[in-house]
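Participant: The structure is given below, and queries will be raised subsequently.
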Amino acid sequence: MRKIADFKALENRAAELKPRLALRLPGADTSSGKREILICGGTGCQSSRSLELLEKLQKEIKAAGLASSAEARITGCFGFCEKGPIVKVFPDNVFYVEVKPEDTTELVEKHLKNSAVVEHLLYRDPRDNKPVTSHLDMPFYKKQMRVALGNCGLINPEEIDECIAAEGYLALASCLEKRTPAEVVKEVKISGLRGRGGGGFPTGIKWEVAAAQPGSVKYVVCNADEGDPGAFMDRSILEGDPHAVIEGMAIAAYAVGAAQGFVYIRAEYPLAIQRLQLAVDQARAAGLLGRRILGSRFSFDLELKYGAGAFVCGEETALLRSIEGGRGEPTSKPPFPAQSGLWGKPTIINNVETLANVPQILRKGGAWFSSFGSEKSKGTKVFALAGKINNVGLVEVPMGITLREIIFDIGEGIKNGKQFKAVQTGGPSGGCIPAADLDVKIDYDNLVAMGSMMGSGGMIVMDEDNCMVDIAKFYLDFTMEESCGKCTPCRIGNKRIHEILTAITEGRGTLDDLEKLENLAAVIKDTALCGLGQTAPNPVLSTLKFFRDEYLAHVVEKRCPAGVCTNLLDFFITDKCIGCGLCKRGCPVSCISGEKKEMHVIDKKLCIKCGTCIGKCPTKAIIRK
């Protein structure tokens, strides 16, 4: 990569490289006969052999004599993770799903040679089973608006030239050439951008506080320690468009007067680390990081710091202590990191998604970003849609969209025709929202009002087979294990809550336990040191509020309505039994007796309620209730 000397040289380079994306942009010329095939190279699709698919497709294109008219390349996450590996053909705009390396010959012969769509590789709408050719016609994409994810699925994340062709780093150049640091801060404030890492603090105000601090040493930190179960938003951005995060950090550094940055990234993200480090190296070589960027007086560089998977290090002060080489424990505030952070110096901490939005805001204007979203929550938000939903994946939607639209329009409803029960937002510290609130508009304040939170964007959908008491226990188990132990409310209080929930799910709970849960949760929320402890009771409080009948069934009737809590279940063999003996032979504790071709019986005293017998029975004669 040749070094780019100044602002004009970057603009010229972008104009020179833009034709590389010509076939991928709307309105592309289809008459040339040339095609580009982009294959998802994100972690999810790689685990389903997408790199093997790419290599085989490249070989077959060459063998078919199509190298001059067709090219297969890697790209970032398209978002539709449920249906990977994804292959998209430009400019035809044909979207193939669940493509295997064995399908490459058919793709080349039918589509690339004869312009015929390979129908069995198209997505089929689960509601009518009809094939859909273009992603623009898929319910999963129709209501999305990709800003932070704008280049994911469009560019090769391992080539800085493709980033520059997509106007990467032009926002940074514009800031250095035309805006003062104060004007940059003002533009971010106009945008209404709030932190996408969970707290939702206004980004522009945070930058303004740091910029106002005296001293020449300041830092910018990117929080890429994505620890929520079921969350993969930040990982996908770093894998699909790492330069957007680097550019966002450089703009933040210019705005507050910092010369050094750190990306705190979890070590369990090897592909994100690899692509981010490659992007840093390429940006340095191009003169977009380091000393006197683009010939200006502004210097900024960054390095990667690896987290060891401690959930508490998602809290900003614990994260800073970890970067400094200490134990990841939070400290009391104030002072806030923007006043006194790394090594006592003013420090800006923003998460991956927040920073990925910054270049777009500075390129298109704060007013553009604030023109969509809700009144108090501007712009878009990326959610990791997971759980018992038909379309699992990464979605970016305008703030103010309803939960119903995400789950039933974009996600296309619940798997296997089951009934929706709840959606848990905000990771393990969020709350469970019932069907009655599906039409609430999503923004920071509305979710908090319902006892949940935005968090980093995890969204886990549950159906009628989920036990809400068990769900609360699951999340308390996670937060209890991840507590750093520094403060008593979190260290001891969450353990006591977990013990009460365990007693309830095992049939030992009492009505007094419900009152204890509420009182203890309130104390922890008010007295814990950091956000992890303060929000840990949310799953308990929200399930008590919206699903109290399930708690009462466990406590009063000693029954689990969802059939999940095994201690509250009994297994019965009905008269459908044909006496085949499969359940008897499969039982690990030999608690089933009966002669061949006669009805069998379960000894309830010996039964460990493992459910093996249900899986073995060919006539569905065994039930649990």
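Participant: What ranking do 419-426, 355-362, 178-185 get when scored by the average of other Cβ atoms within 10 Å per residue, highest first?
Facilitator: Put in order of decreasing packing, that is 355-362, 419-426, 178-185.
Participant: Now for a different question. Could you order peptides 577-590, 209-222 by the average number of other Cβ atoms within 10 Å of their residues, highest first?
Facilitator: Most protected by this proxy first, the peptides run 209-222, 577-590.
Participant: What residues qualify as long-range amide H neighbours of GLY458, i.e. H under 5 Å apart, gap of 5 or more or another chain, H built at 1.01 Å from N?
Facilitator: ALA384, GLY426, GLY427
Participant: Next question, about the same structure. Enumerate the aspartates and glutamates that LYS59 could reach by cross-link, defined here as Cα to Cα under 17 Å, with residues fewer than 8 away along the same chain left out.
Facilitator: Hits, sequence-local ones excluded: GLU36, GLU71, GLU102, ASP103, GLU106, GLU109.
Participant: Another question, then. So for the pair THR488, ASN93, with labels modelled 7 Å out along Cα→Cβ, what separation do we get in nm?
Facilitator: Between THR488 and ASN93, the simple spin-label model gives 6.4 nm.
Participant: Fewest first, what order do LYS596, LYS616 take by the number of other Cβ atoms within 10 Å?
Facilitator: LYS596, LYS616
Participant: Turning to a different aspect of this structure: Could you run the Karplus curve 6.51 cos²θ - 1.76 cosθ + 1.60 with θ = phi - 60° over the stretch 429-445 and give me ³J(HN,Hα) per residue in whole Hz, x for Gly and Pro?
Facilitator: After applying 6.51 cos²θ - 1.76 cosθ + 1.60, I find 9, x, x, 9, 9, x, 4, 5, 10, 5, 8, 6, 6, 7, 7, 4, 6 Hz.
Participant: Separation between the THR527 and LEU51 pseudo-spin-labels, each 7 Å from Cα along Cα→Cβ, expressed in nm?
Facilitator: Going from the THR527 label point to the LEU51 one covers 5.1 nm.
Participant: If you put +1 on each Lys and Arg Cβ and -1 on each Asp and Glu Cβ, how big is the dipole of the chain around its Cα centre, in Debye rounded to 20?
Facilitator: 320
Participant: How about LYS110: which aspartates and glutamates have a C-alpha closer than 13 Å to its C-alpha, ignoring those fewer than 8 places off in the same chain?
Facilitator: GLU60, GLU119
Participant: What spacing in nm lies between the two simple spin-label points modelled at GLN277 and ASP128, each 7 Å away from Cα in the Cβ direction?
Facilitator: Placing both labels 7 Å along Cα→Cβ, they lie 5.0 nm apart.
Participant: List ARG196, ARG20 from most exposed to least, where exposure is judged by having the fewest other Cβ atoms within 10 Å.
Facilitator: ARG20, ARG196
Participant: On to the next question. Using 0.36 nm times the number of residues separating LYS333 and ASP301, minus their current alpha carbon distance, what extension gain do you get?
Facilitator: Residue separation times 0.36 nm, minus the Cα-Cα distance, leaves 8.7 nm.
Participant: Which ordering of THR619, THR402 is given by a fewest-first count of other beta-carbon atoms within 10 Å?
Facilitator: THR619, THR402
Participant: Is the C-alpha gyration tensor of the stretch 214-293 telling us rounded, prolate or oblate? Criteria: a/c under 1.5 is rounded; beyond that, a/b larger than b/c is prolate, otherwise oblate.
Facilitator: oblate
Participant: So if each residue of separation counts as 0.36 nm, and I subtract the Cα-Cα distance between LYS620 and ALA436, what length gain in nm does that give?
Facilitator: 62.8 nm
Participant: Separate question: For the chain, find the longest principal axis of its Cα atoms and tell me its angle to the long axis of helix 511-527, 0 to 90°, nearest 10.
Facilitator: 20
Participant: Which of the lysines could a cross-linker span from LYS604 if the Cα-Cα distance has to be under 22 Å and same-chain partners fewer than 8 positions apart are dropped?
Facilitator: Output for LYS604: LYS558, LYS576, LYS584, LYS596, LYS616, LYS620, LYS625.
Participant: State the extension gain, in nm to one decimal, for the chain segment bounded by GLU183 and ALA67, taking 0.36 nm per residue of separation less the distance between their alpha-carbons.
Facilitator: 36.9 nm
Participant: If I fit a long axis through the Cα atoms of helix 203-212 and take the longest principal axis of the Cα atoms of the chain, what angle between them do I get, 0 to 90°, rounded to 10?
Facilitator: On a 0 to 90 degree scale, this one is about 50.
Participant: Through the Karplus equation 6.51 cos²θ - 1.76 cosθ + 1.60, θ set to phi - 60°, convert the phi angles of the stretch 174-179 into ³J(HN,Hα) values in whole Hz; use x for Gly and Pro.
Facilitator: So the J values, rounded to whole Hz, are 5, 4, 5, 8, 10, 10.
Participant: A further question follows. Mean residue ellipticity at 222 nm from the helices of the chain, using -39,500 (n - 2.57) per DSSP H segment of n ≥ 4 over the full residue count, to the nearest 500 deg cm²/dmol?
Facilitator: Value at 222 nm, helices only, nearest 500: -10000 deg cm²/dmol.
Participant: Label 7 Å along Cα→Cβ of THR574; the stretch 583-625 residues with amide nitrogen under 19 Å?
Facilitator: From the stretch 583-625, the list is 583-584, 598-603, 611-625.
Participant: In addition: Calculated FRET efficiency, LYS605 and GLN419, Cβ-Cβ r, R0 41 Å, to nearest 0.05?
Facilitator: After rounding to 0.05, the efficiency reads 0.75.
Participant: Sticking with this structure for a sec: Can you give the net charge of the other residues whose Cβ lies under 14 Å from the Cβ of ALA211, counting K and R as +1 and D and E as -1?
Facilitator: +3
Participant: So what's the angle, to the nearest 10 degrees on a 0 to 90 scale, between helix 270-285 and the longest Cα principal axis of the chain?
Facilitator: 10
Values quoted throughout were computed directly from the atomic coordinates according to the rules given, and no laboratory measurement underlies them. This structure is a prediction, so every number in the text was calculated from the model and none was measured. In this analysis, Cβ positions are derived from the backbone assuming ideal geometry, glycine residues included, and neighbour counts consider all displayed protein chains.
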